[in-house]
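Enquirer: Please read through the structure below; I'll follow up with questions.
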Amino acid sequence: MKKQKWFGSLLVNGALVFLVLVWSIPTMGLFVSSFRDRFDIQTSGWWSVFPHREWQQVAVLDPKELGLDPNTVMQVEGVEGDFKQLREGVEAGNKRVQWIGNKRLGRIEVQEQVWTVNWNFTLDNYKQVLLGRDTEITKDDGSVEVIPGQDMTQAFLNSLAVSIPSTIIPILIAAFAAYAFAWMTFPARRLMFIIVVGLLVVPLQIALVPILSDYSKIGLNGTFLAIWLAHTGFGLALATYLLYNYISTLPREMLESAFIDGASHFTLFTRMVLPLSVPALASFAIFQFLWVWNDYLVALVFLGADPNNKVVTQRLADMTGTFGNAWHILTAGAFVTMILPLAVFIGLQRYFVRGLMAGSVKG
Amino acid sequence: MAQLDSGGEHSASAGSRALAWLVRLFLAIIIPLIAFVVLYWGFIFLRDSDAPKWVITLVAIVWGVGGFAVLYWVFNGIVEKLPKPWSGRLLPFVFVGPAMAILTWYLALPVYRTFWLSLFARDGYPPGFSPFLPWTWPAGIQSSEFVGLSNYVTTFTEPLFQIAIRNNIMWIVFGSTLSVVFGLLVAVLADRSKFERVSKSLIFLPMAISFVGAGVIWRFMYVVRPEGTPQIGLMNAVTVALGGTPHPWDKWVEIAPWNNLFLIIIVVWLQAGFAMVLFSAALKGISEELLEAGRIDGATEVQIFFKIMIPTIMGTIITVWTTIVIFTLKIFDVVWVMTGGQFGTHVIATLFYRQSFTARNAGVGSAIAIVLLAAVIPVLIYNLRQFREQESF
């Protein structure tokens with residue numbers, strides 16, 4: 001019985017560890033690669049940073065000196081093979097003999113398998129991505145290739161300028177509205193709230209073309225104000241709904257006694273309701289911040305007009321288009337876009353989870 | 001002016017009352033004015049300035065957040081100065097008005113406007129497109145060619161759209177099912193493990209990553225190199241090590257439509273954590289007595305899972321499922337970054353983008369957006385019905 005229990009626990013933990021590994025490996029690969037030398041990334045897998053066995057050259061022999069005829073079966077260093085086999089490399093125990101080059105001008109390499117790690121780490125990728133420095137690379141054939149730097153710093157600042165107001169503005173507006181829905185009586189209150197609930201799941205695609213045309217009419221395209229308002233509009237229904245659910249559960253007596261003391265709605269809201277709602281505000285704030293920071297479509301549509309205002313997701317997507325195989329840039333760039341949401345997420349996970357519990361259907 | 005004169009001739013108390021009233025009037029006008037001027041300056045600065053980026057960023061944040069707060073403060077101040085019955089009647093609208101105005105402009109009206117747009121031919125915006133805005137469209141981009149439902153016919157008869165519908169169904173079926181299954185699996189496993197916190201955090205972590213970032217991560221997983229050269233993408237390295245041949249996975253057009261699965265995996269990777277967190281909380285809510293009773297009756301752990309746990313948390317499963325279905329229905333970023341819709345991977349949202357913004361065919365684009373909307377209407381009705389059942393509002 002005890003043995004069975006032990007076996008069950010092993011099975012559970014084993015399966016869990018396996019899943020966790022599968023889930024973490026993709027991110028780990030990106031993270032490790034972003035610190036690898038640009039040449040290494042292109043020629044070996046990122047997992048070569050782990051100890052592994054690799055063929056390493058220990059001696060080079062000249063076939064002519066050894067008097068070998070590539071057109072026959074050759075015997076060298078204790079192995080035997082014709083030219084074709086030697087080109088592939090003939091293994092014998094811990095040793096491999098390989099013919100490098102063509103028949104006439106070739107050489108023979110003797111290699112041994114050794115344990116090794118590829119720890120040629122560098123910060124150059126980040127420098128290039130963040131400082132926007134152009135790098136010149138002299139290729140094998142002597143031509144010089146200039147790789148333009150990626151000014152992710154600017155995009156990072158843009159992302160901040162987009163995300164922070166796009167997080168706080170909808171919360172402010174939604175908190176006022178939620179307060180009104182919860183504590184005030186006014187005509188069409190129920191109808192208005194039904195509209196809010198109905199709009200929870202409306203896909204934002206429906207709004208892009210009309211709003212873009214309004215923006216171009218009033219010259220707002222490509223400005224921060226444009227995207228703040230857009231994110232506010234698309235996040236507001238959920239924010240109002242969640243904050244209403246929270247604010248309406250605050251104790252009624254407390255608010256009524258504050259009223260009797262002569263407090264106005266505005267002071268009641270700013271002095272009591274807002275401070276009491278901090279948990280709900282925080283969880284929605286994290287939710288909205290991650291959503292806005294990670295958004296690509298809304299930025300693409302409303303900020304696309306101004307290249308100076310591009311956010312990190314846009315910049316990264318551009319890079320995948322133009323430097324689809326420059327993995328040293330892409331991995332570092334991707335990590336730059338991820339660093340802040342990951343920090344927020346890890347630091348404030350508890351609030352975020354609470355926000356998810358409260359409901360998370362968003363249009 | 002007349003009031004000032006008359007104030008001077010009367011008694012001191014009346015004079016000071018008039019003065020106080022004047023000051024209030026003055027403040028009521030000048031403070032909003034100052035507020036608006038400052039906000040306008042901020043806007044002009046942000047639009048035209050070439051100050052260092054971080055200065056602009058800082059100004060943008062202060063201006064954006066502060067501006068909205070000031071607007072509420074000003075409007076509230078004005079309404080509170082009004083006579084009592086009026087301020088009581090108007091104040092709720094100061095509170096709820098901005099939210100409703102923005103929701104109307106950004107979501108409610110666009111439903112109607114996009115539908116209207118979908119009935120017109122491609123060359124620009126139709127008359128009455130912005131009925132609530134005073135300005136009209138410049139001549140030249142106006143379209144008056146009403147085409148009725150023909151954009152919808154075009155949409156549904158186009159082979160690419162049929163592919164997109166097929167792919168979206170794959171996304172919905174596999175994306176939501178796999179997310180729910182993995183989420184549930186991890187939740188159940190973690191519940192019985194000592195490493196619950198760590199393992200849940202690690203599975204949850206991808207939720208913080210953007211689709212574009214995840215796109216780069218998985219492009220790197222799927223990188224393909226010619227046979228015989230070292231593979232730098234993990235998927236192909238493993239495949240080759242196991243004796244297979246390298247494939248471009250998500251761009252592997254020979255196995256279409258199944259190459260979509262390699263895109264769907266990315267979203268499962270991102271979303272399983274979300275499902276897991278909700279399931280985990282629901283599982284913890286199941287009473288220990290209920291599980292114990294099952295065990296005493298001799299049920300195996302598997303039976304307990306299927307006969308007790310699943311039925312108990314069915315509500316949560318449906319909620320999570322619906323959320324992910326809505327989410328995958330609108331999937332855009334992943335496909336756009338990974339394949340751009342090539343290799344038979346278009347979905348409705350990428351076709352929408354292509355038609356609306358690349359091909360500038362707003363009529364067909366809008367028709368596609370309406371199709372997206374139609375797909376979520378059942379959920380919308382369900383939400384409203386749920387709301388009506390709540391008695392408290």
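The values are calculated or read from the model by the stated rules, or taken from the named source; none is laboratory data. Keep in mind the model is a prediction, meaning the values are calculated, not measured. In this analysis, Cβ positions are derived from the backbone assuming ideal geometry, glycine residues included, and neighbour counts consider all displayed protein chains.
Enquirer: Determine, yes or no, whether residue A:284 is more than 11 Å from every other protein chain (Cβ to nearest Cβ) and either within 30 Å of residue A:184 (Cβ to Cβ) or in a helix (DSSP H, G or I) (or both).
Expert: yes
Enquirer: Determine if segment B:301-323 includes at least one residue that is within 30 Å of residue A:314 (Cβ to Cβ) and either in a helix (DSSP H, G or I) or within 13 Å of another protein chain (Cβ to nearest Cβ) (or both).
Expert: yes
Enquirer: Also, quick follow-up: Are any residues in segment B:73-103 under 24 Å from the mean Cα position of the chain (by Cα) and more than 8 Å from every other protein chain (Cβ to nearest Cβ), and if so, which ones?
Expert: Matches in segment B:73-103: B:97, B:101.
Enquirer: Right, another one. Counting just the residues of segment A:319-328 that are at the interface with another protein chain (Cβ under 10 Å from one of its Cβ atoms) and either closer than 26 Å to residue B:271 by Cβ or crowded, with 20+ Cβ neighbours inside 10 Å (or both), which one comes out modelled with the lowest pLDDT?
Expert: Ranking the qualifying residues of segment A:319-328, first place goes to A:324.
Enquirer: Could you list all residues from segment A:86-109 that are aliphatic (A, V, I, L, M) and in contact (Cβ under 8 Å) with a residue 12 or more places away in the chain? I'd like the intermediate steps shown before the answer.
Expert: Taking segment A:86-109 and keeping what is aliphatic (A, V, I, L, M), we get A:86, A:90, A:92, A:97, A:100, A:105, A:108.
A:86, A:92, A:97, A:108, listed by residue number.
Enquirer: Being of a type in the set (A, V, I, L, M), touching a residue at least 12 places away in the same chain (Cβ under 8 Å) and more than 7 Å from chain B (Cβ to nearest Cβ) is true for just one of A:175, A:207, A:237. Which residue is that?
Expert: Just a single option satisfies the conditions, and that option is A:175.
Enquirer: Is at least one residue of segment B:300-313 within 20 Å of the chain's Cα centre (by Cα) and under 30 Å from residue B:264 (Cα atoms)?
Expert: No.
Enquirer: Where in segment B:59-161 are there helices (runs of 4 or more DSSP H), lying wholly inside it, with at least 3 residues that are within 18 Å of residue A:212 (Cβ to Cβ) and at pLDDT 80 or above?
Expert: B:109-117
Enquirer: Quick check on my filter: what residues within segment B:186-200 are at the interface with another protein chain (Cβ under 7 Å from one of its Cβ atoms) and in a helix (DSSP H, G or I)?
Expert: Listed by number, the residues that qualify are B:186, B:189, B:190, B:199.
Enquirer: Same structure again: Can you tell me which of A:275, A:307 is surrounded by fewer than 22 Cβ atoms within 10 Å (Cβ to Cβ), farther than 25 Å from residue B:354 by Cβ and assigned by TED's automatic domain parsing to the domain that holds residue A:237?
Expert: A:275
Enquirer: Moving to a separate point now. Residue check: is residue B:195 assigned by TED's automatic domain parsing to the domain that holds residue B:166, touching a residue at least 40 places away in the same chain (Cβ under 8 Å) and either of a type in the set (Ser, Thr, Tyr) or surrounded by fewer than 22 Cβ atoms within 10 Å (Cβ to Cβ) (or both)?
Expert: Details: assigned by TED's automatic domain parsing to the domain that holds residue B:166: yes; touching a residue at least 40 places away in the same chain (Cβ under 8 Å): no; either of a type in the set (Ser, Thr, Tyr) or surrounded by fewer than 22 Cβ atoms within 10 Å (Cβ to Cβ) (or both): yes.
Spelling it out, it is not the case that residue B:195 is assigned by TED's automatic domain parsing to the domain that holds residue B:166, touching a residue at least 40 places away in the same chain (Cβ under 8 Å) and either of a type in the set (Ser, Thr, Tyr) or surrounded by fewer than 22 Cβ atoms within 10 Å (Cβ to Cβ) (or both).
Enquirer: Going by what's in this entry, would residue A:295 be described as of a type in the set (Asp, Glu), within 8 Å of another protein chain (Cβ to nearest Cβ) and under 30 Å from residue A:176 (Cβ atoms)?
Expert: yes
Enquirer: Right, something else. Only one of B:374, B:367, B:362 is more than 24 Å from residue B:254 (Cβ to Cβ) and within 9 Å of chain A (Cβ to nearest Cβ). Can you tell me which?
Expert: Numbers: B:374 fails: within 9 Å of chain A (Cβ to nearest Cβ); B:367 fails: within 9 Å of chain A (Cβ to nearest Cβ).
That would be B:362, the only listed residue that is more than 24 Å from residue B:254 (Cβ to Cβ) and within 9 Å of chain A (Cβ to nearest Cβ).
Enquirer: Next question. With respect to the numbered conditions (1) within 25 Å of residue B:387 (Cα to Cα); (2) within 29 Å of the chain's Cα centre (by Cα), which one is the sole condition not fulfilled by residue A:211?
Expert: In the conditions (1) within 25 Å of residue B:387 (Cα to Cα); (2) within 29 Å of the chain's Cα centre (by Cα), residue A:211 misses (1) alone.
Enquirer: Quickly run through segment A:210-228 and pick out the residues that are in contact (Cβ under 8 Å) with a residue 12 or more places away in the chain and either buried (at least 24 other Cβ atoms within 10 Å of the Cβ) or at the interface with another protein chain (Cβ under 7 Å from one of its Cβ atoms) (or both).
Expert: Scanning segment A:210-228 gives A:211, A:223, A:224, A:226, A:227, A:228.
Enquirer: Do you know which of the residues in segment B:350-359 that are more than 15 Å from residue B:110 (Cα to Cα) and among the hydroxyl-bearing types (Ser, Thr, Tyr) is nearest to the other protein chains (Cβ to nearest Cβ)?
Expert: For segment B:350-359, the residue satisfying everything is B:353.
Enquirer: While we're on this one: Quickly run through segment B:213-244 and pick out the residues that are closer than 26 Å to residue A:39 by Cβ and not in a helix (DSSP H, G or I).
Expert: Across segment B:213-244, the qualifying residues are B:223, B:224, B:225, B:226, B:227, B:228, B:229, B:230, B:231, B:232, B:233.
Enquirer: Okay, moving on. Regarding segment B:200-208, can at least one residue be identified that is among the hydroxyl-bearing types (Ser, Thr, Tyr) and either closer than 23 Å to residue B:249 by Cα or crowded, with 21+ Cβ neighbours inside 10 Å (or both)?
Expert: Taking every residue of segment B:200-208 in turn, none turns out to be among the hydroxyl-bearing types (Ser, Thr, Tyr) and either closer than 23 Å to residue B:249 by Cα or crowded, with 21+ Cβ neighbours inside 10 Å (or both).
Enquirer: Take the conditions under 30 Å from residue B:305 (Cβ atoms), aromatic (Phe, Trp, Tyr), more than 10 Å from chain A (Cβ to nearest Cβ) and assigned to a helix (DSSP H, G or I) and apply them to residue B:182. Does it pass?
Expert: For residue B:182, the condition - under 30 Å from residue B:305 (Cβ atoms), aromatic (Phe, Trp, Tyr), more than 10 Å from chain A (Cβ to nearest Cβ) and assigned to a helix (DSSP H, G or I) - is not met.
Enquirer: OK, next. For residue B:326, indicate whether it is within 10 Å of another protein chain (Cβ to nearest Cβ), crowded, with 19+ Cβ neighbours inside 10 Å and within 21 Å of the chain's Cα centre (by Cα). Step through it out loud before you land on a result.
Expert: Details: within 10 Å of another protein chain (Cβ to nearest Cβ): yes; crowded, with 19+ Cβ neighbours inside 10 Å: yes; within 21 Å of the chain's Cα centre (by Cα): yes.
When the stated conditions are applied, residue B:326 passes them.
Enquirer: For segment B:298-310, check the following and say yes or no: at least one residue is touching a residue at least 60 places away in the same chain (Cβ under 8 Å), over 30 Å from residue B:354 (Cα atoms) and surrounded by fewer than 19 Cβ atoms within 10 Å (Cβ to Cβ). Explain how you work it out, then say what you get.
Expert: As a first pass, look at segment B:298-310 and keep what is touching a residue at least 60 places away in the same chain (Cβ under 8 Å): B:305, B:309.
Then keep just the ones that are over 30 Å from residue B:354 (Cα atoms); that gives B:305, B:309.
From what is left, the residues that are surrounded by fewer than 19 Cβ atoms within 10 Å (Cβ to Cβ) are B:305.
Yes, the conditions are met somewhere in segment B:298-310.
Enquirer: Restricting attention to segment B:255-275, does a residue exist that is over 24 Å from residue B:326 (Cβ atoms), assigned to a helix (DSSP H, G or I) and not aromatic (Phe, Trp, Tyr)?
Expert: Checking segment B:255-275: at least one residue is over 24 Å from residue B:326 (Cβ atoms), assigned to a helix (DSSP H, G or I) and not aromatic (Phe, Trp, Tyr).
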